[in-house]
Amino acid sequence: MNILECITGKTQFGIADATALLEERLYKIYDSEYDSEKTKHDKNDICMLETFTDFSKAHTKQMAICVDIGGTNIRTAKISFDSSGKAEIQNHIAQRLPKRIRTFDQLMEEMAKQIICADGPGKTIPAIRICFSYPFESLENHDAKVLFLSKDTGISGAEGKLIGENLRKYLGDCCKSAIGVVNDTVTALVYSKYALPDADFNSSLVYGVVMGTGTNIALCKNGKQIINTEIGQMPIPFRNPNGIESNMVFEHITGGKYIAETIKTAFSDDCETSAALSDVKTAEDLSKIATSGLPESKTVLQAIERCAKIEAVMLSAVIAYQRNIEDRSKAIISAGGSIYEKLPHFKESFDNEIKRIACKSGYEVEISTAGENSNLIAAAMCGFPSEPASESNAQ
C-alpha cells in the first residue's frame, strides 16, 4: 500500500490497510503495559496516551478561565454555565499566535497575560483549563509534560517542560487554583456531551476528532477513561513518484499545514495537475484551485475527498477494534477543525464514509460538529477523577 497512490486514486485505502498500520498501537488501548520494540525507542512514535480525564465526570457546573492553544491561534475566555447548562462566554480574546513568540517561556508569558485579561482586574483567578493541541504526557495532578511541539511551530525549548508549573510562574500570587491541561481531541470528545445532551452515552463509543492544522483522535474507554491516540504522529510509509521510499506522519495527509504539499507530491508526475498546483502552498490555496472551475478542479476535489476518506477509514478501524471488546451498538463522533469545516467536500466525504462503513458493519453512528468555541467550553467541562463537581452553578 502506497498512501500517495491512495490520494491519486490508483489504489484504495481500506479497513485492512488501516488496521495493519494501527495494530501495534491498538493493543495499547486496553493494555497499558504493552509496548513494542518499534515504539519503545522512537520518542516521536507515541500513541494511546492516558489523559487522567474522566468522561463520566464531565459537567457544566463550574467556572474556569480557559485557554485554547492551537496550531495557529490562541483563544482565551472565562467560561461559566447557567442553570440549564448553557455556556456563558465572557472576556473572549482570540488572535493568531504572535510570530514574536519563539520560546516556550514566551508562550507561557503570553498565556498568563491573556488569562489575567480574561479574568478581569483585582480578582482571584478561578480554575484554569488549558487546551493544548500538541503531544504531551498527562500527569495525575492534571499538569502536562510537553513531549515535543508538532506542526512546525518554530517555538523552542518546550520539550520536557511542565505547562501548568511554568504558567504559574507568570501568573504570580493571583493564581491559587488548580491548572488542568487537556488535549484538543479530548475537548472535542467532551464537547459531545454539551452538543448532544440527550444522547445515550452508556451504550455508545465516543470519539473526538480534530482535522485542523494537524489531525488527531481521542477515544473513550469503558465510558470513562479518555485516551489521546496521537494518531497524527503515527508514521505512514510512502513511495514518491520517483520511487524513493520514506515515511510521513499521518497528520501530513489531512493536516491543514501539510495537505496541500502532500497532494502536490502525489500528483507530481501528472503534468497538467502538477502545473495547476505549482503555486499552491496552503490549504487556502488548495481550496481556491478546487473551486476555481479550472479543468484540474475536479482532480483536486477528488484528491481532497480521498484524504477525507483515509481519515474516516482510520477512525473506523479504531471503532471496529473497540467494538470487538466493548460491543457497543453506536459510535458518537464529535469532529471539528478548520480542514473539516472549511476545505471543499472534506466534511461531506468524511461523514459519508464513516456512515457507509458503519452501515456495512452493523452499528449506528452520530456525528456532531465541534464549533469555534467548543475547545473553551469543553475545557471548562473536563472532569478529573480527584476533582469533585462544584455544588454552585449546578445544572
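In the chain, the DSSP beta bridges split such that about 60 percent are antiparallel, to the nearest 5.
The aspartates and glutamates whose alpha-carbon is closer than 14 Å to the alpha-carbon of Lys28, local same-chain residues fewer than 8 away aside, are Glu37, Asp45, Glu50, Glu230.
Could you order the peptides 99-108, 56-65 from most to least packed, using the average number of other C-beta atoms within 10 Å per residue?
Working: 99-108: 15.6, 56-65: 20.8.
Most protected by this proxy first, the peptides run 56-65, 99-108.
From largest to smallest, the equivalent ellipsoid semi-axes obtained for region 320-366 from the alpha-carbon gyration tensor read 24, 11, 7 Å. Computed from Cα positions, the angle between helix 15-30 and the longest principal axis of the chain comes to roughly 30 degrees.
Which entries of Lys145/Lys355; Lys113/Lys281; Lys86/Lys176; Lys86/Lys288; Lys61/Lys355; Lys224/Lys281 have Cα-Cα distances beyond 29 Å here? List each step's numbers first, then the result.
Values: Lys145/Lys355 37 Å; Lys113/Lys281 33 Å; Lys86/Lys176 27 Å; Lys86/Lys288 37 Å; Lys61/Lys355 34 Å; Lys224/Lys281 41 Å.
Long pairs (Cα-Cα over 29 Å): Lys145/Lys355; Lys113/Lys281; Lys86/Lys288; Lys61/Lys355; Lys224/Lys281.
The fraction of all Cα pairs in region 157-286 landing in successive 5 Å bins from 0 to the largest distance is 2, 9, 13, 13, 14, 13, 12, 11, 7, 4, 2, 1, 0, given as whole percents.
Evaluate the Kirkwood expression for the hydrodynamic radius of region 51-119, namely the inverse of the mean inverse distance over all pairs of different C-alpha atoms, and round to one decimal in Å.
Working: mean 1/r = 0.0742 Å⁻¹.
Every distinct Cα pair counted, the radius reaches 13.5 Å.
Shown in residue order for region 96-104 are the 3J(HN,Hα) couplings computed by the Karplus curve 6.51 cos²θ - 1.76 cosθ + 1.60 at θ = phi - 60°: 5, 4, x, 5, 5, 7, 10, 10, 4 Hz (x for Gly and Pro).
Quote to one decimal, in nm, the extra length available between Asp270 and His92 on full extension: 0.36 nm per residue of separation minus the C-alpha distance between them. Don't skip to the end; give the middle numbers.
Numbers: separation 178, 0.36 × 178 = 64.08 nm, distance 4.66 nm.
Full extension from Asp270 to His92 adds 59.4 nm.
Here the translational diffusion coefficient of the chain follows from Stokes-Einstein with Rh set to the Kirkwood radius across Cα pairs; for 4 °C and 1.567 mPa s it amounts to 60 µm²/s.
None of the figures in this text is laboratory data; all of them are computed from the coordinates on show. Note that the structure is a prediction, hence the values are computed from the model and not measured. For neighbour counting, all protein chains shown are included, and Cβ atoms are generated from backbone atoms with ideal geometry for every residue, glycine included.
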